[in-house]
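Here is the structure we will look at.
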Number of protein chains: 2
Amino acid sequence: MLPRVTTVADLSTPALVVDTTALARNLDAMSAALPGARLRPHVKAHKCTALAREQARRGHAHFTSATPREIVGMARAGLGDDLLLANECVDPVRLRALADCPGRVTIAVDSDATVDTAAANGIRAVLVDVNVFLPRCGCPPEDAPRLAERARAAGLDVRGVMGYEGHAVLIPDRVERAAKTAQAMERLAGVAEEVGGDIVSAGGTGTYDLNTAATEIQAGSYALMDGDYGKLGLPFTRALAITATVVHVNNRWSVADCGLKALGMDHGNPTIDDTEVLFCSDEHLTFTPHRAAVPHGTARVGDRILVWPAHIDPTVAYHDRMYVADSPGVGAHVVETWPIDLRGWDV
Amino acid sequence: MLPRVTTVADLSTPALVVDTTALARNLDAMSAALPGARLRPHVKAHKCTALAREQARRGHAHFTSATPREIVGMARAGLGDDLLLANECVDPVRLRALADCPGRVTIAVDSDATVDTAAANGIRAVLVDVNVFLPRCGCPPEDAPRLAERARAAGLDVRGVMGYEGHAVLIPDRVERAAKTAQAMERLAGVAEEVGGDIVSAGGTGTYDLNTAATEIQAGSYALMDGDYGKLGLPFTRALAITATVVHVNNRWSVADCGLKALGMDHGNPTIDDTEVLFCSDEHLTFTPHRAAVPHGTARVGDRILVWPAHIDPTVAYHDRMYVADSPGVGAHVVETWPIDLRGWDV
């Protein structure tokens, strides 16, 4: 899709802006570390088939999704070689939509109900999702072999196991992060053989190089990065900002048009370089005077600024598109517009 | 739009569900307290022209918006009798879209730049937005008469003043809330006469009956309510839940498919009746065993539950539609589907 505007400063705001140089650097760094099928990029972080295509161009043909919508959208975009729904689903309508996808779809199961509903609705392949200490989905390890047997008896191809060490991925201390990852993967590896299949799927951006037990890593955030992952000293840099317009200036604070409906807030406030964010309202961000943040040195109504989200995934999910810019900063040229075509839940 | 399903339990999840009885009660209670033009309902809370039409049916023909998109959408839906953009805007494209709307559009101005840009792009009417102690937009009171004069000199109709006591609306103690509101409105009233015009626009759901200085109240949350407003003892009850499906159960926690991409999180976790929410992930909600929350008394995969958002406005902005149910609970019949047609920022 051709953009209607040519520089970031021409965009109506708030608008997501991808720095294509930083993105390419992140994608290249990850592909060098985890080439080909060693990485199963998670599309939930960006919800964008155009970005997934950039990952595919670097040799990753297998993808991870969190929703049936993401799977169906990826398959329709021709990126359906090997799609994993790393999530439990008992919705017959959506399972049938997955079963009807061109290409190969595998889903996670962790209970009798998820196995039986998958089999009853045309799903052909599963991974047994094992709880590896994150209090979320995943069966107890001791139940995994039985579930695998039940799945095979129902005609499902059991391709292996998965387990997400989500409690470890954001631990700032690398040694502690590694220890928690090793503990989680020991639990997963302990049942992998008995379950059968050749896949051990796990990991995330924070453990991409620490998780050596998994056959494939489900990292997604590395592509665009965000505030929390930025604190871990990983070889990936922030590549997604929101450009906003300053709509109010006084000598104590400034206000920009980027608020709660443009920002995932579960990790707290976003940041703006060289200023302090005070608080967010529905459509506003109040921050300390931003003298240093604008090129002309004096804050003015109409200034464009860049806002860095604390958490990318729920930020992207508010927006309909991201603009790809050829360099960082508000003066950059917009070279492409990428629809965030995997947002929502419709299949 | 006719729904494809007939009960809440048939909906694919997560899905917004409006209890039409609670909604009607809230709308009726507010209309009784603030009839006709005494209320200028704020559409930012629901972003839904079908819901706005319910407000219009109760005699409110003037509406408040936070974005140009909301204004344009309301005007297109035939609800453009008197629309206020209670926000500053310096985007020429969007200002021209507002100027081209059928019906009457008034926008807030609080600086030379906002006045001049409005006048240069065809806007015909403004309110002078005065800061009433919330650190956000609004000019200093002493600057309001000068801005009004500048606006009139530029050919703009100055219809009055506005000022939002957003720092007061959620104060739990009613006496303190009243005191902060009175202090804010004293500041606004102090310049209203000198600015001229006959509108003093202010207030919100938390101060709808305390703010007696304003000629019109900009309340929006009262229609659907949410966790924080629910603590104030107002005569409005929660009318919007998210129905979710339980996808994992064990004896220590359960997991439902309603996560960070379905929930505004700036006010914290949502709630589920009779259980404790532990944490949210992108597409999951982990909570304590939900025995009491399901009719059959035992938690099962596939159970439908209702999740109550802590903050309605940024929750609604994630969704594409809300389903209107004829009663509370997951067994209710879905009688209508309302598109959330004012979401996003495109004009």
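The values are calculated or read from the model by the stated rules, or taken from the named source; none is laboratory data. All values derive from a computational prediction rather than experimental measurement. All Cβ positions, glycine included, derive from the backbone under ideal geometry; neighbour counts span all protein chains shown.
Taking the stated definitions as given, is B:Val169 farther than 29 Å from B:Arg124 by Cβ, surrounded by 18 or more Cβ atoms within 10 Å (Cβ to Cβ) and hydrophobic (A, V, I, L, M, F, W, C)?
So B:Val169 fits the description; yes.
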Among the residues in the range A:105-113, are any more than 13 Å from chain B (Cβ to nearest Cβ) and farther than 15 Å from A:Ala153 by Cβ? yes
Of the conditions (1) more than 28 Å from A:Phe133 (Cα to Cα); (2) in contact with a Cys (Cβ under 8 Å, 6 or more places away or on another chain); (3) surrounded by fewer than 24 Cβ atoms within 10 Å (Cβ to Cβ); (4) not polar (S, T, N, Q), B:Asp266 clears all except one; give me its number. (1)
So which residues in the range A:30-49 are in contact (Cβ under 8 Å) with a residue 40 or more places away in the chain and part of a loop (DSSP other than H, G, I, E, B)? A:Leu34, A:Arg40, A:Pro41, A:His46, A:Lys47, A:Cys48
Between B:Thr243, B:Thr237, which is surrounded by 19 or more Cβ atoms within 10 Å (Cβ to Cβ) and hydroxyl-bearing (Ser, Thr, Tyr)? B:Thr243
Looking only at the range A:140-149, count how many residues are in a helix (DSSP H, G or I) and within 12 Å of another protein chain (Cβ to nearest Cβ). 1
In the range B:226-278, which residues are facing chain A (nearest Cβ under 8 Å), out of contact with any His (no Cβ under 6 Å at 6 or more places or on another chain), assigned to a strand (DSSP E or B) and free of Cβ contacts under 8 Å to residues at least 60 places away in the same chain? B:Val247, B:His248, B:Val249, B:Leu278
Residue among B:Gly122, B:Gly220 that alone is within 14 Å of another protein chain (Cβ to nearest Cβ) and either touching a Lys or Arg at 6+ places or on another chain (Cβ under 8 Å) or in contact (Cβ under 8 Å) with a residue 12 or more places away in the chain (or both): B:Gly220
Residue satisfying condition, being at pLDDT 95 or above, under 16 Å from B:Ala168 (Cβ atoms) and assigned to a loop (DSSP other than H, G, I, E, B), within set B:Thr181, B:Thr212: B:Thr212
Flagged in the range A:150-178 as in a helix (DSSP H, G or I), out of contact with any helix residue (DSSP H, G or I) (no Cβ under 9 Å at 6 or more places or on another chain) and of a type in the set (D, E, K, R), in numbering order, are A:Arg152, A:Arg174, A:Glu176
Regarding A:His42, is this residue surrounded by 24 or more Cβ atoms within 10 Å (Cβ to Cβ) and farther than 25 Å from A:Pro92 by Cα? no
Please go through the range A:219-231 and pick out each residue that is at pLDDT 95 or above and touching a Pro at 6+ places or on another chain (Cβ under 8 Å). A:Ala219, A:Gly220, A:Ala223
Go over the candidates A:Gly203, A:Gly155 one by one and state the one that is outside the structural domain of A:Asp313 (by TED's automatic domain parsing), buried (at least 24 other Cβ atoms within 10 Å of the Cβ) and either more than 27 Å from A:Lys47 (Cα to Cα) or touching a Ser or Thr at 6+ places or on another chain (Cβ under 9 Å) (or both). A:Gly203
Kindly indicate the residue of the range A:74-97 that is in contact (Cβ under 8 Å) with a residue 40 or more places away in the chain and under 25 Å from B:Asp10 (Cβ atoms) and also farthest from the other protein chains (Cβ to nearest Cβ) among those meeting that condition. A:Ala97
Please tell me if B:Arg25 is assigned to a helix (DSSP H, G or I) and over 27 Å from A:Glu283 (Cβ atoms). yes
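Residues are listed down the side, and each one gets a yes or a no for (1) in contact with a Leu (Cβ under 7 Å, 6 or more places away or on another chain); (2) more than 26 Å from B:Asp198 (Cα to Cα):
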| residue | (1), (2) |
| --- | --- |
| B:Ala24 | no, yes |
| B:Ala33 | no, no |
| B:Gly36 | no, no |
| B:Arg40 | yes, no |
| B:Lys47 | yes, yes |
| B:Ala52 | yes, no |
| B:Arg58 | yes, no |
| B:Ser65 | yes, no |
For A:Arg69, are the conditions met, namely being touching a residue at least 40 places away in the same chain (Cβ under 8 Å) and either buried (at least 23 other Cβ atoms within 10 Å of the Cβ) or within 23 Å of A:Tyr164 (Cβ to Cβ) (or both)? yes
So which residues in the range A:107-139 are in a loop (DSSP other than H, G, I, E, B), within 26 Å of the chain's Cα centre (by Cα) and not basic (Lys, Arg)? A:Asp110, A:Ser111, A:Ile123, A:Asn131, A:Val132, A:Phe133, A:Leu134, A:Pro135, A:Cys137, A:Gly138
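Select from the range B:300-346 the residues that are basic (Lys, Arg) and out of contact with any helix residue (DSSP H, G or I) (no Cβ under 7 Å at 6 or more places or on another chain) and write down the one among them that is farthest from the other protein chains (Cβ to nearest Cβ).
For the range B:300-346, the residue satisfying everything is B:Arg321.
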Residue in the range A:7-20 that is farther than 30 Å from B:Leu95 by Cβ and surrounded by fewer than 23 Cβ atoms within 10 Å (Cβ to Cβ) present: yes
Can you pull out the residues in the range A:92-150 that are in contact with a strand residue (DSSP E or B) (Cβ under 8 Å, 6 or more places away or on another chain), modelled with pLDDT of 95 or more, surrounded by fewer than 24 Cβ atoms within 10 Å (Cβ to Cβ) and farther than 29 Å from A:Val169 by Cα? A:Ala99, A:Cys101, A:Arg124
